[in-house]
1. Pick from region 124-177 the residues that are of a type in the set (K, R) and either surrounded by 18 or more Cβ atoms within 10 Å (Cβ to Cβ) or closer than 21 Å to W97 by Cβ (or both): which of them is modelled with the lowest pLDDT?
2. Go through V70, V107, V76 for me and flag whichever is of a type outside the set (K, R) and touching a helix residue (DSSP H, G or I) at 6+ places or on another chain (Cβ under 6 Å).
3. Which one is nearest to the chain's Cα centre (by Cα), of the residues in region 23-39 that are more than 18 Å from G132 (Cβ to Cβ) and of a type in the set (A, V, I, L, M, F, W, C)?
4. I'd like to check which helices (runs of 4 or more DSSP H) are fully inside region 47-137 and have at least 2 residues that are in contact (Cβ under 8 Å) with a residue 40 or more places away in the chain and among the β-branched types (V, I, T).
5. For region 1-46, which residues satisfy the criterion of being hydroxyl-bearing (S, T, Y) and either buried (at least 19 other Cβ atoms within 10 Å of the Cβ) or part of a helix (DSSP H, G or I) (or both)?
Amino acid sequence: MSSFESAVRLIAQWLLIVPALIMLWSIASRKKWRVDVLEAVVSGALTILLVKIAGASYFHARPFVEFGMVPLVPHVADNGFPSDHLAACGLAIGYLWKRNLFAVAAVILCAGAIGAARVLAELHWPADIAAGLALGIVAAILGRLIVGLAVRYTGSHRRADAYESADAFTSGNDAVEPEAV
């Protein structure tokens, strides 16, 4: 196996760890992390749901199956549409969009590398990559809307802010006082 093929294999399989770590870092570094965790969980569940619906609605055989080849990355010959890896990248991009544009740029670079590597490894078609990325972004937007509405209409943001302030106060960090009820 050439060094190029080894690099493609490594990127196709393992680079997804970087966007996941960036997203975790973003959650951990924010003061209002409780709402962020809820948004990440809801968005993640929506990503899985949208990917499953899309996969059940449309079948696209993987390139290595159609070409009768062995892929660079061992994989079962199942539906390649949409790409789960790029759906996760899209989720990270959508989640980070209003939080940290530097992190968004880093995840976009990772998504481009992962998508290219998965196409070169003959695991996906470009349409699988684009669809996965779009579904992840849509799920993140929907997750933000759902959690935002839930927080707004339940008033739980006041409780979450109060907890955040108490945590920051006891740990010695500066915090914004919670809103008066």
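The values are calculated or read from the model by the stated rules, or taken from the named source; none is laboratory data. Please read all numbers here as calculations on a predicted model, not as lab measurements. Positions of Cβ are generated from backbone atoms using ideal geometry, with glycine treated the same way; all protein chains shown enter the neighbour counts.
1. Start the filter on region 124-177 by keeping residues that are of a type in the set (K, R), which leaves 144, 152, 158-159.
Imposing the further condition that a residue be either surrounded by 18 or more Cβ atoms within 10 Å (Cβ to Cβ) or closer than 21 Å to W97 by Cβ (or both) reduces the set to 144, 152.
Details: R144: 96, R152: 88.
Among residues in region 124-177 that are of a type in the set (K, R) and either surrounded by 18 or more Cβ atoms within 10 Å (Cβ to Cβ) or closer than 21 Å to W97 by Cβ (or both), the one modelled with the lowest pLDDT is R152.
2. Working: V70 fails: touching a helix residue (DSSP H, G or I) at 6+ places or on another chain (Cβ under 6 Å); V76 fails: touching a helix residue (DSSP H, G or I) at 6+ places or on another chain (Cβ under 6 Å).
Only one candidate passes the filter, namely V107.
3. Step one: filter region 23-39 for residues more than 18 Å from G132 (Cβ to Cβ), giving 24-39.
Still in the list and also of a type in the set (A, V, I, L, M, F, W, C): 24-25, 27-28, 33, 35, 37-38.
Details: L24: 11, W25: 13, I27: 13, A28: 16, W33: 17, V35: 17, V37: 13, L38: 14 Å.
Top of the filtered list is L24.
4. Details: elements: 63-66, 84-96, 101-120.
In region 47-137, 101-120 are the helices (runs of 4 or more DSSP H) which contain 2 or more residues that are in contact (Cβ under 8 Å) with a residue 40 or more places away in the chain and among the β-branched types (V, I, T).
5. Filtering region 1-46 for residues hydroxyl-bearing (S, T, Y) gives 2-3, 6, 26, 29, 43.
Within region 1-46, S3, S6, S26, S43 meet the criteria.
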